[in-house]
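Note sheet for the following structure.
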Amino acid sequence: MPAPDTRAPFAALGGVLPPALAALPTPCYLLDEGALARNAEVLGALAQRTGCKVLLAQKAFSNYDLYPLLAPHLAGTEASGLYEARLGAEEMPGKEVHVFCAAYRADEMPELLRWADHIVFNSPAQLAAFGPAAKAAGKSVGLRINPECSTQEGHALYDPCAPGSRLGTTRAQWDAALAADPALADLLDGLHFHTLCEQDADALALTLDAVAEKFGDLLPRMQWLNFGGGHHITRPGYDLATLERCIARAQRAWGVQVYLEPGEACALNAGYLLARVLDVVQNGAATIAILDASAACHMPDVLEMPYRPPLLGAGEPGEKPYTVRLAGPTCLAGDVIGDYSFDAPPAVGDLLAFGDMAIYTTCKNNTFNGMPLPAIWARDAAGVCRELVRFGYADFKRRLGS
Ligand SMILES: Cc1ncc(COP(=O)(O)O)c(C=O)c1O
């Protein structure tokens, strides 16, 4: 019996692979309802204590079968465009729908106005183009600001405040737009910023200082301030007290309703990707296990971020006796998940469970090389698993032609 893996991504499994998982098809995403509900409770309790409203950013997690677990604790959903806005309206009925997009299409605006309650524009030009119609439709209108405060060094890909960023309006851009069209200010009900990525509340506190310095004069006229996502609120050790101080500061200083729209924090450590070993090859000193799951297709953030996903029971390279590179079966030479160490060498047919696989996976995967999309299963708090959806050849083919 292996020692339980005590890391957070495997806490809901008790740190071991339950024997029942051997019956599931691979590759397969397994969403953990107990972990999801616990995240939602943390977020709901935060909202209760502070008066802030918390939205699910659907770009990170949009497995709507499980929205009923989140809905009692959240104020609604956040969308990146028309489809997610509609999904939120349909699948979390009666809750708020907020949308932010870097640029809206004119032909989508009428339908978007049907689904969304809050519409956040990225630039003064988009605000001028669509703000009047949104207001006339009774929507709450916002502008995404860029407080020009980078808090994540070395991650330009994930830094909306990086020099030359297209995301959010700087104070200089706003002042220039307002000088040309003073009526723009009357369209605004709120401001929105999103500058963080997997960060603790100290980065938020710094950002809020920058928001106060750059946009503090506008905020007393606003009804709400949306702090965006990137708050790793449900991560063990997250500094909730500092977050709560930031929320209180905004409420006190500007009298605004504070919104948070975390994606990751809603579904953090609440899912697994199950995979099996198809082959083991030896190239010089390197032992490589080829799996039926692919980094490129099924966990694209592993290559994009990049990061090495946690694997149940496995150690850092060299930590345990057998170090093996785990890789996908596609043609991409870099379809490598990472190097891991094991107590025993992985063998063909072995079942592996990658952790923290509910976020930015099912909503981001693809069928490159004709790779099948993994089925999506859910595991309830009692450990009972059920299939939510499976995919086949027809799903692959339909996206490619008629
Ligand atoms: C505008 C906006 N809101 C919310 C989020 C969710 O961020 P996270 O999943 O890191 O909490 C993102 C992520 O990119 C975003 O761009």
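Counting just the residues of segment 44-65 that are assigned to a helix (DSSP H, G or I) and away from the ligand (no atom under 16 Å from the Cβ), which one comes out farthest from His194 (Cα to Cα)?
Among them, the one singled out is Asp65.
Among the residues of segment 222-277, write down those that are of a type in the set (Val, Ile, Thr) and either surrounded by 18 or more Cβ atoms within 10 Å (Cβ to Cβ) or touching a strand residue (DSSP E or B) at 6+ places or on another chain (Cβ under 8 Å) (or both).
Answer for segment 222-277, where residues must be of a type in the set (Val, Ile, Thr) and either surrounded by 18 or more Cβ atoms within 10 Å (Cβ to Cβ) or touching a strand residue (DSSP E or B) at 6+ places or on another chain (Cβ under 8 Å) (or both): Ile233, Thr234, Ile247, Val256, Val258, Val277.
Just one of (1) away from the ligand (no atom under 12 Å from the Cβ); (2) closer than 23 Å to His98 by Cα; (3) not charged (D, E, K, R) trips up Gly237, so point out which.
Of (1) away from the ligand (no atom under 12 Å from the Cβ); (2) closer than 23 Å to His98 by Cα; (3) not charged (D, E, K, R), only one is false for Gly237: (2).
Residue-by-condition table, conditions (1) polar (S, T, N, Q); (2) farther than 25 Å from Gly15 by Cα; (3) at pLDDT 95 or above:
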position: Ala286; (1), (2), (3): no, yes, yes
position: Ser294; (1), (2), (3): yes, no, yes
position: Gly313; (1), (2), (3): no, no, yes
position: Arg325; (1), (2), (3): no, no, yes
position: Thr330; (1), (2), (3): yes, yes, yes
position: Asp343; (1), (2), (3): no, no, yes
position: Val348; (1), (2), (3): no, no, yes
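Could you list, in sequence order, the residues of segment 230-239 that are of a type outside the set (Ser, Thr, Tyr) and touching a helix residue (DSSP H, G or I) at 6+ places or on another chain (Cβ under 7 Å)?
Selection gives His231, His232, Ile233, Pro236, Asp239.
From Ala40, Ala75, Ala57, Ala35, grab the single residue that is farther than 22 Å from Gln257 by Cβ and either β-branched (Val, Ile, Thr) or crowded, with 21+ Cβ neighbours inside 10 Å (or both).
Going through Ala40, Ala75, Ala57, Ala35 in turn, just one is farther than 22 Å from Gln257 by Cβ and either β-branched (Val, Ile, Thr) or crowded, with 21+ Cβ neighbours inside 10 Å (or both): Ala35.
How many residues are within 16 Å of the ligand (Cβ to nearest atom) and either in a strand (DSSP E or B) or small (Gly, Ala, Ser) (or both) when one looks only at segment 254-277?
8
Hey, does segment 159-180 have a residue that's in contact (Cβ under 8 Å) with a residue 40 or more places away in the chain, closer than 30 Å to Leu303 by Cβ and either loosely packed, with under 14 Cβ neighbours inside 10 Å or in contact with a Lys or Arg (Cβ under 6 Å, 6 or more places away or on another chain) (or both)?
yes
Looking at Ala358, Ala375 in this structure, which one is surrounded by 17 or more Cβ atoms within 10 Å (Cβ to Cβ), within 16 Å of the ligand (Cβ to nearest atom) and modelled with pLDDT of 95 or more?
Result of the check over Ala358, Ala375: Ala358.
Could you say whether any residue in segment 165-175 is part of a helix (DSSP H, G or I) and among the hydrophobic types (A, V, I, L, M, F, W, C)?
Looking for residues that are part of a helix (DSSP H, G or I) and among the hydrophobic types (A, V, I, L, M, F, W, C), one finds at least one in segment 165-175, hence yes.
The values are calculated or read from the model by the stated rules, or taken from the named source; none is laboratory data. Keep in mind it's a predicted model, so treat the numbers as computed, not measured. Positions of Cβ are generated from backbone atoms using ideal geometry, with glycine treated the same way; all protein chains shown enter the neighbour counts.
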